[in-house]
Amino acid sequence: MKSRVILVFIFITTLFILGLARVFYLQMIPNDNLTKLKNNQYMSRIFLMPHRGKILDRSGEELASSVTTYSLFADPLLIEYPQRISKKLSDILKLNKKDVYKKLIQEERRFVWIKRQIEPEVMKQVKEMKIQGLGFIEEGKRSYPNLHVASQILGFVGIDNNGLEGLEKKYDAELKGEKLSILSKRDARGRPLVVSGQIFETSNDGATLELTIDKEIQYELEKQLEEVTMQQQAERAMGIVMDPMTGEIIAMASFPSFDPAELSKTAAENRRNHNITDILEPGSTFKIITAAAALKTGRIFPNTKYFCENGKMKIGRRTIREAESSHKHKWLSLAQIIELSSNIGSTKVAFDIGEEHFKKIISDFGFGYPTGIDFPGESSGIINQASWGEHLLSNISFGHGVGVTPIQIANAYATIANGGKRLKPFFVKRIIDHQGNIVQETRPTVVSEVLKPKEASTLTLMLSGATQDGATGALARVDGYPVAGKTGTSQKVNPQGRGYLRDAYISSFAGFIPANQPQYVIYVAVDNPKKEYYGSQVAAPVFKNIASFTLRKKGYLPVILTEKSILTPKAFTPVVEKKTKSVLIQGQEVMPALHGLTLKEVARELKELKNINLSDVKLVGSGYVTYQWPPPGWIIKEQSKVKINFK
Amino acid sequence: MKPFISIIILVSVALSTVFVKMEVVRLGYEILSMGRKTKQASEARSRLEVQYAKLTRPSRLDKIGTEKLALTRVQKNQVIMMAAQGELAVRQ
C-alpha cells in the first residue's frame, strides 16, 4: 500500500515538474513562432492613412485642401444576391446597374472597387443596408474650393492622391504625409486597446504649404486675362505679378485655364503653366536689356545719340524697319530709342556695344538659364551660343531671334526695379508640418548683382519715359502712380516649322509700379490677338487694370512726386541679403554666377564648394566663361555634374 | 481577530487591483471613443473650411455682387485715399 502511495506521489510530482518545465520553456525561452502566434491572437495592426497637407495663399486662405471620403469595395465571393444588391447600390451611388453587377459577379477576385471617394452621407446609406461582402476604406479627396483660380500653379492630384502637376507634384513628398501602421493590442471584439495613448500621439498628415500667391490679385489677373482674350479673340493670354524686392510671385496665370474638378474635360494644353514652360520671342520688351548692356559699357549714356537711318536700314541683304512705316527717325538718344521703341536705334546700340558684351549682359540677366523657380518643368529659353553675325545681333537687340519665358522677362524687370539684383523667384513661402512647426522658410535669394543701383535708376527713368504721353506705353499709365514699363510686339514663331506665322503676333507689356518705389512687377502677354496687335493697344491697358487693382488692394497711396521721392538711392534698397558668390542657402551649397570669369577665377570660386570635385568639372574651350551648368543659384548636391564653356 | 483583518486587507487589495485594471480598460475604450469623436469633429471642421472657402471664392462674390446686388466696379474717381498728415509727410 505504502509503495503504491509513493509511486502515485512520484508520478504526480513528475507530472508537476514537467508542467513547470513547460511553463518555464514557454515563458522564459524566446521563441519567434510563439511570439507570432501570440501577436496574431491579440495584437492587431492599425493603418493610419495620412491627410494630404493644405495649400494656402499668403493670407492663409485655402487654395487646396483634403477631406475624408470613403471608397466602397466588395468581395464577390461573399455577395449573395448580386442582382438585387447591384440595383440598390446603383440607385444610391448613381452608377450604371449593369457595371455594378459585372463587378459583383467576378468570383475569381476577392477584392473589387465599386466606387471610390464617396461622401460620408452616402457611405452611411450604404452601411445601413448591412450587406455582407461590402466594405469601406477611408481615403482623402483633394478639393480646390476656388475652382480655376491658380489651378495652373497648384496643379492636381491623381485618384491615389499623388501630385501629378504643378506645386502638387513639386512638393508631393512634403504634402502627402506618411502612411503609418501601429501594432496595438485588441480585445475579443477586435477593438484596439489604448496603450500609453500611442494611437493618439501619432500623426502622419502631410505638411501645409503657405504660398506667396495673393488669391484676390490672382483672381483679378485671371479675370483681366480672360477679358482681353475674349475681346481680342486671342489664342491665349499670360500674366505675372511679382514682388521685385523679394522675388515672391504674387499671381501668375494664363487663360484658358482649367477647373481641377473637371480634369477630363480640359485640354492638356490648358493645364500647363505657360509662364514657366513656354518660350516666346520677347519683342521690344527686350530693348531695355540692350539699353542695360549699353550703360554697362560705361561709355554710352541716356543722352548718347544714334542716327536711325530715317526708318530703314540695310544689313547685308536684309532690311530692318521700324514697327510703323511712318516712323522715320533721324537722331535719337538712347532714352528716346526706348521711349519710341526704335528697332534701328536698338540695332545701332547693339552694333556699338558688340556681340560679346551683349551676350554677357543677356546671360547676367538670366536669359538662357532656368530662373530656379520652385516649379516643375521650367524652360531655359533659347540663346544662340554660336557666333551671331550682324543680322542676328540686330534682331536680338529688339527682341527677336531669342527665346525667353515670361518668368525670365518678369524677373529681368524685377532686377531693374530692385536696383540691379537678380533674385530667384519662388512660390512657396513656408512649409509647416502637422504640428505647426516651420520646417522650411524661403528667404529672398540674390543670384547675382547685374546692375549698379545708379544704372538701375537710369533704366527706370528710361522705362518711365516709355509710358509718357506720345510714348508707346502711354496706355499703361495709372493715375496717381508713376509707371515704368515697355511694350513689346513680336511676330509669332511658327511652331510647326521655320520662320514666323503670317499675321500672328505676341503683344506684351512688362513694367513695374510705382516707378519710384517699386511694389509690383507686372508682365502681360497676349498670344495672337486678332483685332489689334500692338503691345501698346492690347497688353498695356491690361497692365494698367491689374496695376491699379493691386495698388488699391494694398492701400498704397498715390505718389506725390517731389524732388525727394524721385529715384532716391533709398528707394532701391532691396530687403535681401547680399549673396553674390558661392553661398549656403538653408545649409545647402549654391552654384555661383561664373559668366565672364577666367579659368583661374572659376577655380577659385569652385574651390570653396565642398560638393564639387574640381577634377570632375568638365571644362570646354578657353578664355572667359560663356556657359555654365548648373545655372547660378541652383543647389549643388554631392557629385553634381558641372560643365563650363569658355570662349 | 488578527487573521480576519489580514484576510480583509488581502481581499481588499486584490479587489482594488482588479478594479484598477478594469478602470484602465474602461478608460482605454473611452479614450478610443473620444479619439473617434475628435477625428469626426476634425473632419467636419475640414469640410466646413472647404465649404467656407467655396462660399467666399472671389468669382462667386463677384457674381453675387454684380448680378444680384447690382454693384459695379469702383471707378478711379470714386477712390478717395484717406491718409494722415504724418503718412503723407513720410511718403514725401
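The values are calculated or read from the model by the stated rules, or taken from the named source; none is laboratory data. This structure is a prediction, so every number in the text was calculated from the model and none was measured. A quick note on method: Cβ atoms are made from the backbone with ideal geometry, for glycine too, and the neighbour counts reach across all protein chains shown. Ligands, DNA and RNA are excluded from the accessible area calculation, which covers all protein heavy atoms including side chains. Shrake-Rupley method; radii C 1.70, N 1.55, O 1.52, S 1.80 Å.
Across the stretch B:38-63, what is the total count of residues that are within 9 Å of chain A (Cβ to nearest Cβ), surrounded by fewer than 13 Cβ atoms within 10 Å (Cβ to Cβ) and closer than 30 Å to B:VAL74 by Cβ?
1
With A:LYS170, A:LYS141 as the choices, which residue is among the basic types (Lys, Arg), closer than 21 Å to A:GLU62 by Cα, at pLDDT 90 or above and open to solvent by 40 Å² or more (accessible area, probe 1.4 Å)?
A:LYS170
Where in the stretch A:63-161 are there helices (runs of 4 or more DSSP H), lying wholly inside it, with at least 2 residues that are farther than 27 Å from A:LEU263 by Cβ?
A:82-93, A:97-104, A:120-128
Report yes if A:LEU295 is within 35 Å of the chain's Cα centre (by Cα), among the aliphatic types (A, V, I, L, M) and closer than 21 Å to A:ALA471 by Cα, otherwise no.
no
Regarding the stretch A:202-210, can at least one residue be identified that is touching a residue at least 24 places away in the same chain (Cβ under 8 Å), away from chain B (no Cβ under 13 Å) and either assigned to a helix (DSSP H, G or I) or open to solvent by 30 Å² or more (accessible area, probe 1.4 Å) (or both)?
No; the residues of the stretch A:202-210 include none that is touching a residue at least 24 places away in the same chain (Cβ under 8 Å), away from chain B (no Cβ under 13 Å) and either assigned to a helix (DSSP H, G or I) or open to solvent by 30 Å² or more (accessible area, probe 1.4 Å) (or both).
Is it fair to say A:ALA64 is within 14 Å of chain B (Cβ to nearest Cβ) and of a type in the set (A, V, I, L, M, F, W, C)?
yes
Would you point out which residue out of A:THR285, A:THR319, A:THR277 is closer than 22 Å to A:VAL450 by Cα and polar (S, T, N, Q)?
After applying the criteria, what remains is A:THR285.
May I ask you to say which residue of A:GLN491, A:GLN496 is within 22 Å of A:ALA412 (Cα to Cα), more than 14 Å from every other protein chain (Cβ to nearest Cβ), at pLDDT below 95 and surrounded by fewer than 18 Cβ atoms within 10 Å (Cβ to Cβ)?
Within the list A:GLN491, A:GLN496, the selection yields A:GLN491.
I'd like to check which helices (runs of 4 or more DSSP H) are fully inside the stretch A:293-396 and have at least 2 residues that are open to solvent by less than 20 Å² (accessible area, probe 1.4 Å) and closer than 26 Å to A:VAL590 by Cβ. Spell out the reasoning first.
Numbers: elements: A:334-340, A:343-353, A:355-364.
Once the helices (runs of 4 or more DSSP H) in the stretch A:293-396 are filtered for at least 2 residues that are open to solvent by less than 20 Å² (accessible area, probe 1.4 Å) and closer than 26 Å to A:VAL590 by Cβ, what remains is A:355-364.
Taking the stretch A:521-539 only, how many residues are at pLDDT 90 or above and among the hydroxyl-bearing types (Ser, Thr, Tyr)?
Counting residues in the stretch A:521-539 that are at pLDDT 90 or above and among the hydroxyl-bearing types (Ser, Thr, Tyr) gives 1.
Quick check on A:THR35: is it in the same structural domain as A:SER184 (by TED's automatic domain parsing), out of contact with any helix residue (DSSP H, G or I) (no Cβ under 7 Å at 6 or more places or on another chain) and hydroxyl-bearing (Ser, Thr, Tyr)?
When the stated conditions are applied, A:THR35 does not pass them.
Considering each residue of the stretch A:221-273, count those that are in contact with a Lys or Arg (Cβ under 8 Å, 6 or more places away or on another chain), closer than 20 Å to A:GLY511 by Cβ and in a helix (DSSP H, G or I), and give that number.
So the answer is 1.
Which of the residues belonging to the stretch A:1-46 are among the basic types (Lys, Arg) and open to solvent by less than 100 Å² (accessible area, probe 1.4 Å)?
A:LYS38
Kindly check whether there is at least one residue in the stretch A:95-110 that is touching a strand residue (DSSP E or B) at 6+ places or on another chain (Cβ under 7 Å) and not aliphatic (A, V, I, L, M).
The answer is yes; a qualifying residue exists.
Has the stretch A:116-135 got at least one residue that is in contact with a strand residue (DSSP E or B) (Cβ under 7 Å, 6 or more places away or on another chain), open to solvent by 20 Å² or more (accessible area, probe 1.4 Å) and of a type in the set (D, E, K, R)?
Yes; the residues of the stretch A:116-135 include at least one that is in contact with a strand residue (DSSP E or B) (Cβ under 7 Å, 6 or more places away or on another chain), open to solvent by 20 Å² or more (accessible area, probe 1.4 Å) and of a type in the set (D, E, K, R).
Given A:ILE85, A:ILE105, which one is closer than 27 Å to A:GLU128 by Cα and open to solvent by less than 30 Å² (accessible area, probe 1.4 Å)?
On inspection, the qualifying residue turns out to be A:ILE85.
Of the residues A:ILE432, A:ILE513, which single one is outside the structural domain of A:ALA292 (by TED's automatic domain parsing) and touching a Gly at 6+ places or on another chain (Cβ under 9 Å)?
Criteria check complete, one pass: A:ILE432.
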